[in-house]
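Trainee: Below you will find the structure I want to go over with you.
The values are calculated or read from the model by the stated rules, or taken from the named source; none is laboratory data. Remember, it's a predicted structure, so these values are computed and weren't measured experimentally. Cβ: placed from backbone, ideal geometry, glycine included. Neighbour counts: every protein chain shown.
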Amino acid sequence: MIRHALFVRLEAKPGKEQAVADFLTAGLEMTNREATTPVWFALRFSPTTFGVFDAFASEDDRQAHLVGNMANALMASADEMLASPRRSSLSTSWR
(Lines give C-alpha, C1' and ligand atoms only; values in the text may rest on other atoms or scores of the structure.)
Protein backbone atom coordinates (compact mmCIF):
# COMPACT_ATOMS: atom_id res chain seq x y z
CA MET A 1 0.00 0.00 0.00
CA ILE A 2 1.23 3.48 -0.86
CA ARG A 3 1.72 5.48 2.34
CA HIS A 4 4.59 7.87 1.64
CA ALA A 5 4.98 10.60 -0.96
CA LEU A 6 7.39 13.27 -2.06
CA PHE A 7 6.83 16.43 -4.11
CA VAL A 8 9.69 18.59 -5.37
CA ARG A 9 9.32 21.85 -7.32
CA LEU A 10 12.12 22.68 -9.76
CA GLU A 11 12.82 26.06 -11.37
CA ALA A 12 14.85 26.01 -14.60
CA LYS A 13 17.60 28.53 -15.24
CA PRO A 14 16.89 30.88 -18.15
CA GLY A 15 17.60 29.02 -21.38
CA LYS A 16 17.63 25.61 -19.65
CA GLU A 17 13.89 24.91 -19.77
CA GLN A 18 14.16 22.30 -22.53
CA ALA A 19 17.11 20.63 -20.79
CA VAL A 20 15.01 20.22 -17.64
CA ALA A 21 12.04 18.89 -19.65
CA ASP A 22 14.31 16.41 -21.45
CA PHE A 23 15.92 15.34 -18.19
CA LEU A 24 12.55 14.66 -16.60
CA THR A 25 11.40 12.72 -19.66
CA ALA A 26 14.50 10.52 -19.35
CA GLY A 27 13.89 10.35 -15.60
CA LEU A 28 10.82 8.21 -16.11
CA GLU A 29 12.94 5.39 -17.51
CA MET A 30 15.49 5.75 -14.71
CA THR A 31 12.79 5.68 -12.06
CA ASN A 32 10.98 2.75 -13.67
CA ARG A 33 14.10 0.70 -12.92
CA GLU A 34 13.69 1.41 -9.19
CA ALA A 35 11.65 -1.43 -7.72
CA THR A 36 10.82 0.72 -4.69
CA THR A 37 9.27 3.64 -6.64
CA PRO A 38 5.90 2.49 -8.01
CA VAL A 39 4.55 6.00 -8.69
CA TRP A 40 6.52 8.82 -10.36
CA PHE A 41 5.16 11.81 -12.26
CA ALA A 42 6.97 14.77 -13.81
CA LEU A 43 4.88 17.93 -14.13
CA ARG A 44 5.26 21.24 -15.93
CA PHE A 45 3.53 24.17 -14.24
CA SER A 46 4.88 26.97 -16.43
CA PRO A 47 7.58 27.43 -19.06
CA THR A 48 10.22 27.48 -16.30
CA THR A 49 8.62 25.65 -13.37
CA PHE A 50 8.51 21.86 -13.09
CA GLY A 51 7.65 19.37 -10.41
CA VAL A 52 8.15 15.74 -9.52
CA PHE A 53 5.66 13.72 -7.49
CA ASP A 54 6.50 10.21 -6.39
CA ALA A 55 5.00 7.77 -3.93
CA PHE A 56 6.28 4.79 -1.98
CA ALA A 57 5.10 1.92 0.19
CA SER A 58 7.52 2.70 3.03
CA GLU A 59 9.88 5.33 4.37
CA ASP A 60 12.77 3.00 3.54
CA ASP A 61 11.60 2.92 -0.10
CA ARG A 62 11.45 6.72 -0.18
CA GLN A 63 14.95 6.96 1.26
CA ALA A 64 16.22 4.44 -1.31
CA HIS A 65 14.82 6.65 -4.08
CA LEU A 66 16.47 9.75 -2.60
CA VAL A 67 19.89 8.12 -2.91
CA GLY A 68 19.11 6.32 -6.19
CA ASN A 69 20.08 6.95 -9.80
CA MET A 70 17.43 9.59 -10.53
CA ALA A 71 18.23 11.69 -7.46
CA ASN A 72 21.98 11.41 -8.09
CA ALA A 73 21.57 12.42 -11.74
CA LEU A 74 19.43 15.40 -10.74
CA MET A 75 21.95 16.60 -8.17
CA ALA A 76 24.79 16.17 -10.68
CA SER A 77 22.93 18.40 -13.18
CA ALA A 78 21.34 20.84 -10.74
CA ASP A 79 23.97 23.60 -10.91
CA GLU A 80 23.83 23.59 -14.71
CA MET A 81 20.04 23.39 -15.19
CA LEU A 82 18.28 24.69 -12.10
CA ALA A 83 17.90 28.15 -10.64
CA SER A 84 18.02 26.44 -7.24
CA PRO A 85 18.53 22.73 -6.52
CA ARG A 86 15.11 22.31 -4.89
CA ARG A 87 12.81 25.25 -4.62
CA SER A 88 10.42 23.53 -2.26
CA SER A 89 9.55 20.03 -1.27
CA LEU A 90 6.85 18.29 0.65
CA SER A 91 7.33 14.89 2.15
CA THR A 92 4.39 13.20 3.77
CA SER A 93 3.31 9.89 5.24
CA TRP A 94 -0.10 8.35 5.91
CA ARG A 95 -0.74 5.75 8.53
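Trainee: Being assigned to a helix (DSSP H, G or I), surrounded by 14 or more Cβ atoms within 10 Å (Cβ to Cβ), over 12 Å from the mean Cα position of the chain (by Cα) and of a type in the set (A, V, I, L, M) is the filter here; which residues of region 56-79 pass it?
Mentor: Within region 56-79, just Ala64 meets the criteria.
Trainee: Among the residues of region 9-40, write down those that are hydrophobic (A, V, I, L, M, F, W, C), surrounded by fewer than 18 Cβ atoms within 10 Å (Cβ to Cβ) and not in a loop (DSSP other than H, G, I, E, B). Spell out the reasoning first.
Mentor: To start, the set of residues in region 9-40 that are hydrophobic (A, V, I, L, M, F, W, C) comprises 10, 12, 19-21, 23-24, 26, 28, 30, 35, 39-40.
Right, trim to surrounded by fewer than 18 Cβ atoms within 10 Å (Cβ to Cβ) and you get 19, 21, 26, 28, 35, 39.
Scanning region 9-40 gives Ala19, Ala21, Ala26, Leu28, Val39.
Trainee: Still on this structure, please answer the following. Among the hydrophobic types (A, V, I, L, M, F, W, C) and at pLDDT below 95 - does that describe any residue in region 12-21?
Mentor: Looking for residues that are among the hydrophobic types (A, V, I, L, M, F, W, C) and at pLDDT below 95, one finds none in region 12-21, hence no.
Trainee: Only one of Leu28, Leu6, Leu24 is within 20 Å of Ala76 (Cα to Cα) and at pLDDT 95 or above. Can you tell me which?
Mentor: From the options Leu28, Leu6, Leu24, the qualifying one is Leu24.
Trainee: Regarding Phe53, is this residue under 11 Å from the mean Cα position of the chain (by Cα) and on the phi < 0 side of the Ramachandran plot? Walk me through how you get there before you give the answer.
Mentor: Details: under 11 Å from the mean Cα position of the chain (by Cα): yes; on the phi < 0 side of the Ramachandran plot: yes.
Yes, satisfied.
Trainee: Can you tell me which residue among Leu6, Leu43 is surrounded by 13 or more Cβ atoms within 10 Å (Cβ to Cβ), farther than 12 Å from Leu82 by Cα and without any contact (Cβ under 8 Å) to a residue 40 or more places away in the chain?
Mentor: Leu43
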